[in-house]
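Just so it is clear, none of the values below were taken in a lab; they were calculated from the coordinates. All values derive from a computational prediction rather than experimental measurement. We place every Cβ from the backbone using ideal geometry, glycine too, and count neighbours over all the protein chains shown.
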Amino acid sequence: MKLLAESFAKGAEGYIKLLPEEAEDMWHVYNLAREGDHITATTFRKVQVDKGTGADTERLKLKLTLQVETIEFDAEGGVIRIKGRNLTESEHIKLGAYHSLELELGRAFTLFKAAWDALDIERVRQATDVALSADLAAVLITEGLANVCLVGGSTTLVRARVEANLPRKRGAAALGYDKAWNRFLEHVFNAVVRHVDFSVVKCLVIAGPGFAKDQFKDYMDAEAVRRDVRPLIENKDKMMLASASTAYKHSLKEVLSCPGIAARIKDTKAAREVAVLQDFYDLLSTDSSRAFYGPGHVFAAAELGAIQVLLISDSLFRINHVEKRRKYAELVEGVREAGGEALVGGQPLGVGEQDEGRGCCWGRLRRSFRRVGLYFHTASVQASSPRRVGQRAVVSDPHTALWAKGCWLLGGARLRSLRI
Amino acid sequence: MGQQTYRILSYYPILSTIKPARCCFSLAAKPDPSIKALQQPAYLVTPHLAPKKAPQQQQQQQQSSAKATAATVPGAAPDGGSTSSGLEPFRFDTPSPDDVVRGAQERRGGAIPLPQPSTSAAAAPSLSANKNFLRPSPMMQQQRQQQQQTPGIGAEAAADGVAALSLGPSEIAQVSSEAGASPASSHGAARHHQHHHHAHGHERAGASVGSSGNSHSNALEHPGGLHGLHTRRAVKEYVMEADLEREVEAAAVAEAAASNNVDSIPSASSSSGVPLSPLHLVVLGHVDAGKSSLMGRLLHELGLVSARDDHKFQRDAAAAGKGSFAWAWVLDERPEERERGVTVDVAMTRFNTRRFAVTLLDAPGHRDFVPNMIAGAAQADAALLLVDGSPGGFEAGFSEGTGGLHGTPGGQTREHAVLARSLGIEQMAVVISKLDTVGYDKARFDTIRAALLPYLKSVGFKESSLQWLPASGPLGENLVGPPQDPNLAAWWTSGPHVVGAIDAFNPRERATSKPLRMPITDVFKSKTGAIVLGGKVEGGALKPGSKVVLVPGPSQPFSVRSLEASGSPTHLVRAGDSVEVALVAGHGGGAGGGGAIDPSNVAAGAVLCHPDFPAVLVTRFELRVVVLDVPVPLLRGHVVTLHAHVAREEGHITALLATLDPRTGDVIKSRPRCLTKGQTALVEVTAVRGLVLEEYADYRALGRVALREGGRTLAVGIVTRLLE
């Protein structure tokens, strides 16, 4: 993504002008733009033109600013559709009238926000950093299902999903199997040709359970020669096979963690996330008092500055709820200020696009907070606990009391007196 | 024009565009019970203090509260003192006020926990709200009353579900007694909530008052067409069409007579035209245990493989340098299966024994193809578990997985056994093969049996329903007759051979009294151009001319043109039969004809249903699971692959509702943070796209789900509630 102009400061209003260049950029834009923002971009509108001989409609190119009301992301098409009210004075469209915009690759737009928070700024920096770009493509394939994914510097996108219903191997349908199978392979092949750009991608991994991946590899090699698809022929050495238990997107995690591939993508965010997640799971089975999970616990731990590594899914930030978003943004900032590491993403976790605002967060506590962790775990603190740890705390509920005791153990500075 | 409509929309308050559901609910569920819950400790709230509800509901609550106190739920006792005396008497497994508030908020925000028709306590208000649209006929009402008087059906089924998850008898007793006391709340999940935290019970009742309005609007959306989850008619209202019922009864009588006949005259041949009971038999075992070879040889011994094919396989296999795989080639037809010597997909073939028309499902043993094995085992009534008896072979198949994220999953003997049990297979014959490598040593046979039996018992098989026998596929020992090899014949004198063991299985009872359900495993176009669907009928019956509807699929019903069972045309199929159904468009001729659906659009996992009692696609549902060998604890948000009957889908765990006591079914801890190996728990799962599921109490075959991830089976369970 190219940054054409910027004028903003943290916490204040301001704008940026961006030019998206790859599919991954659209994902960033989707995460940046929210309800209430103003977006300026070119669009087309049909207007009635009176030419004297009767009314005629004409398609006019307009530059409009909209106040965003809904945002839709089409990952396969790489398009974001925005609906909102017009803020530009124009003879063709009234102020406050509804209009829709499509943000596409290669078309610049301006985004205005009333308040830029740290996460937005981080995302802009990330998106405009040239060093971080898509570099791994993966085809997850099994009989009847294939997903073509691009693992980028900061995100993972499913570019194509191919499904086919293959007849079983016995009976009258056995003959149809080969035909259906070849058609399926052809669809997957076309998807690869369309979505994988070898000038960007460092390697193409073909993964899945069983032998479908081998068959696809053979098919692809043969078909590339037959159809003379130069990029595939020239980049044969960039292709590799890996094993995965299913062809669903969440199996990408297995692909990314297998040693040969992990080395190739070690700089990407996805790889880092997979590593953190594995670390978290290991911690959960070895030293569970340091593995924190769920908003209640994570917030409580963050308040104490106890979090060493935080992994939080970005779907939590796509909610159109200012207060909640601010809360999560503060959480991430707080962790960083306290010297911890915070990763916003959670793509390999699979909790992603589908359910907005229902993501998860994980935290790894510093070693010294282990004892406190034990208290938290037994106390089962929930997000809605009265968490005000001021100078004094009067606690009557035993759950909270235990929680408070945990804080108290940590150091009297935060909680001078505790009455239970 | 366009502008104007937009403008009208724009006056719609922005606030309500954010979360209309939430707004509507906060208005509806007054007075806000969460406030009440805050003011008083949740566990102290009794129904008498609750705001007035509809009398019916209050009555139910009193009933359930009475039961709760009678059952001495943990948390009921120490409540009184907890506020004054501080920490000591507190028990962590009681819900804190926070839990209650949070639970209440979530439930309201989610806006979904709509009542279940006819099962949950909240059914009554929603039904009355829907009265205008779905007025129960006098007959239906009568039936409902009958059900209330004799709640045995539901209780029995529920009890069975419990047993399937290897739970003890005390729970069964509890369920049935409770069902007797208040038939409306025979539902497992509802019961837990009501028992354990009254405040939850309140909130549930409150929410259901609010949600009745919601389901009302649901009914408006589908006034008569395809039914939604909450508007469809309950399965129990089904009465079979009279003509179909006559035929089904006649067939049942004929079958009973035939099986008596077989018992009395042992030489009754299968070709004499006597209808044999169907038996779906799945062959399980670790990769390379010799499943396909054994079955290939068995088919040969039974005379189902022509000498020409036989010779061809021998020659080709030898030419390919895989002489030992020749028998497996009978079943493994695909080139890649033959090339690699590994079964990939379930091969289905049929043969007759003295008692049964066996549909043989040869499952793949390789770790990567467990999903295919699940699809096969989901249709089976009984299983043959092949165990490699060669030195080291058994140990490889029976190895335990190692923990940690990078640990290796265990052997497939283990995984297959536990999956088979969780998919409803109760009877199994364990065939120990390749004993020729140890000279048919009896000690080896006994060692394996001694090692395997405790494990099989621990996953829920009864010792009485297990058979043990040695056999060899390639050598043809002990397949259809007593062993020839002197070493084996010396000690295996009275035990059964493979076919004998198959005959010793019990046929499964046919669930013909329920509306039709048939999960589709195979779709193709017949030579005449009709769409043919293959699968096993799990409920109800079909005859040519019956109307059926495909879920998911077009809303117009199809009618059955012809039926084929066991490869030959038939005039009637009943639950338990494996059939091929040729369909034509329901409205007779004209539009579309047989080509109304494109075979490539019907995915395996679709279900053929009775048009008046269709199944529904669900995306969110509640499961009661047993957590198996998980490398790491299960958390909320865990992404899994869901396997149910022949369908599979991506999904994730959206909530961990409670951990349960495996014996009594009581809630040990509500909203646990994570689930570890061996726990029994209630979880809520969301699928990315819809799955056709039914509650386990209604259809067992459609109510079982396995959760897998990364090549391991994480948990298996039964569907206790459909939510969305």
Review point. In this model, which of B:525/B:547; A:253/B:322; A:202/B:677; A:236/B:291; A:217/A:249 are farther than 29 Å apart at the alpha-carbon?
Key: A:253/B:322; A:202/B:677; A:236/B:291
Exercise for review: Fewest Cβ neighbours within 10 Å first, please rank A:315, B:555, B:422, B:390 accordingly.
Suggested key: B:555, B:390, A:315, B:422
Exercise for review: Could you work out, residue by residue across A:208-214, how many beta carbons of other chains sit within 10 Å of that residue's beta carbon, and then give the average as an integer?
Suggested key: 5
Check your understanding: Pairs of lysine in the range A:2-131 with Cα under 23 Å and at least 8 positions apart or on different chains: total?
Key -> 23
Check your understanding: Just counting partner chain Cβ atoms within 10 Å, what average do the residues of peptide B:482-492 show around their Cβ?
Key -> 0
Point to revise | Per-residue Cβ neighbour rank within 10 angstrom, fewest leading, A:228, A:282, A:56 | key: A:228, A:56, A:282
Review point. Karplus couplings for the range B:285-295 from phi (6.51 cos²θ - 1.76 cosθ + 1.60, θ = phi - 60°), rounded to Hz, Gly and Pro as x?
Key: x, 5, 4, 6, 6, x, 4, 5, 4, 4, 6
Revision key, fill the gap. FRET efficiency (residue A:17, residue A:59; Cβ distance; R0 25 Å; to 0.05) is 0.50
Practice item. Would you please put B:543-552, B:646-655, B:513-522 in order of how densely packed they are, using the mean number of other Cβ atoms within 10 angstrom per residue and starting with the highest? Key: B:513-522, B:646-655, B:543-552
Revision key, fill the gap. Residues whose built amide H sits under 5 Å from the amide H of residue B:715, excluding neighbours closer than 5 in sequence, are B:628, B:707
Check your understanding: Any idea how far apart residue A:227 and residue A:91 come out in nm if each label point goes 7 Å out from Cα toward Cβ?
Key -> 5.0
Review point. Nearest 20 debye, what's the magnitude of the dipole of the range A:134-267 about its Cα centre given +1 on Lys and Arg Cβ and -1 on Asp and Glu Cβ?
Key: 260
Point to revise | Amide H contacts of residue B:277 (H built 1.01 Å from N, under 5 Å, at least 5 apart or other chain) | key: B:357
Revision key, fill the gap. Fewest-first ordering of A:273, A:234 by Cβ atoms within 10 Å yields A:234, A:273
Review point. Which residues' amide hydrogens lie under 5 Å from the amide hydrogen of residue B:640, considering only partners 5 or more residues apart or on another chain, with H built in the peptide plane?
Key: B:651, B:652, B:653
Point to revise | Efficiency of FRET between residue B:395 and residue A:194 - r from beta-carbon atoms, R0 41 angstrom, step 0.05 | key: 0.25
Exercise for review: Summarise the partner chain shielding of A:245-256 as one whole number: the mean count of Cβ atoms from other chains within 10 Å of each residue's Cβ.
Suggested key: 5
Point to revise | the range B:658-675 - phi-based ³J(HN,Hα) in whole Hz, Karplus 6.51/-1.76/1.60, Gly and Pro as x | key: 6, 9, 10, 6, x, 8, 8, x, 6, 6, 8, 8, 8, 6, x, 7, 8, 10
Revision key, fill the gap. Computed ³J(HN,Hα) along the range B:624-636: with the Karplus parameters 6.51/-1.76/1.60, θ = phi - 60°, integer Hz and x for glycine or proline, the list is 10, 10, 10, 7, 8, 6, 9, x, 9, x, 7, 10, 5
Check your understanding: Points 7 angstrom from Cα along the Cβ direction at residue A:330 and residue B:307: gap in nanometres?
Key -> 8.8
Exercise for review: For residue A:327, go through the aspartates and glutamates and keep the ones whose alpha-carbon is under 18 Å away, minus same-chain ones fewer than eight residues off.
Suggested key: A:35, A:117, A:120, A:122, A:303, A:314, A:337, A:341, A:356
Check your understanding: So for the range A:2-131, Kirkwood radius off the Cα pairs, Stokes-Einstein at 20 °C and 1.002 mPa s: how many µm² s⁻¹?
Key -> 138
